[in-house]
């Protein structure tokens, strides 16, 4: 009879040792970080208030519970993303160039390190953008400074307010710019 409490205590202490100290989900401090190298490629994180790029997004999600690059716990269903160089956290607007659907995303991790990818979305962000089934999609990623209420919703794991779809003429122009970038070798297609 005395063994059960001892086993329970041992189990609890081992579980505590295996736990991680996750940073609370917060917008401060903003971390830029030093240059780092992955697979022979060096990345230099930097603040870029005018960041606006065309490329390809993919998504990731099986790392539930892992620690993000800024120390937070990764939650696959939240609207988050990984980017190689933007400060952590940064808020970006991600637009799917096939549909014009736009969502607000909180960048809190580093990546993607796969060829031809501009941003890795969490499963929740991929679902919200409508690209999860395809696995990857052509996107526009633009740094934004959203209202505090939208930031708060994302920090709490909820989606920000719905954003308007991009006009068809603007989408056609963005698609043409991306195609020109791929032809010129400035953008790598997945």
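Highest mean packing first, where packing is the average number of other Cβ atoms within 10 Å per residue, the peptides 40-50, 170-180, 125-135, 87-97 line up as 87-97, 125-135, 170-180, 40-50. Here the spin labels are modelled as points 7 Å beyond Cα on the Cα-Cβ line, and at residue 189 and residue 66 they lie 2.8 nm apart. Computed across region 99-190, the Kirkwood hydrodynamic radius from all distinct Cα-Cα pairs reaches 14.6 Å.
With both residues required to sit in region 59-190, DSSP beta bridges show an antiparallel share near 75%.
Label separation (residue 115 vs residue 32): 3.2 nm, computed from points 7 Å beyond Cα along the C-beta direction. Against the main long axis of the alpha-carbon atoms of the chain, helix 168-183 sits at an angle near 80°. The length gained on full extension between residue 175 and residue 145, counted as 0.36 nm times the residue separation minus their Cα-Cα distance, comes to 8.3 nm. By the Cα gyration tensor, region 59-148 has an equivalent ellipsoid whose semi-axes, rounded to whole angstrom, run 18, 15, 12 from largest to smallest.
Taking every alpha-carbon pair in the chain and binning the separations at 5 Å intervals from zero gives 1, 8, 15, 19, 19, 14, 9, 5, 3, 3, 2, 1, 1, 0, 0 percent. Relative to the dominant Cα principal axis of the chain, helix 3-18 is inclined by about 30°. Our helix-only sum for the chain, with -39,500 (n - 2.57) per DSSP H run of n ≥ 4 divided by its residues, gives a mean residue ellipticity at 222 nm of -7500 deg cm²/dmol. When 98, 150 are sorted by how many other C-beta atoms sit within 10 angstrom of their C-beta, beginning with the fewest, the order is 98, 150.
Read the figures in this text as sums done on the coordinates, not as results from a lab. This one's a predicted model, so the numbers in the text were calculated from it and none came from an experiment. As a convention, Cβ positions derive from the backbone with ideal geometry for all residues, glycine included, and neighbour counts pool all protein chains shown.
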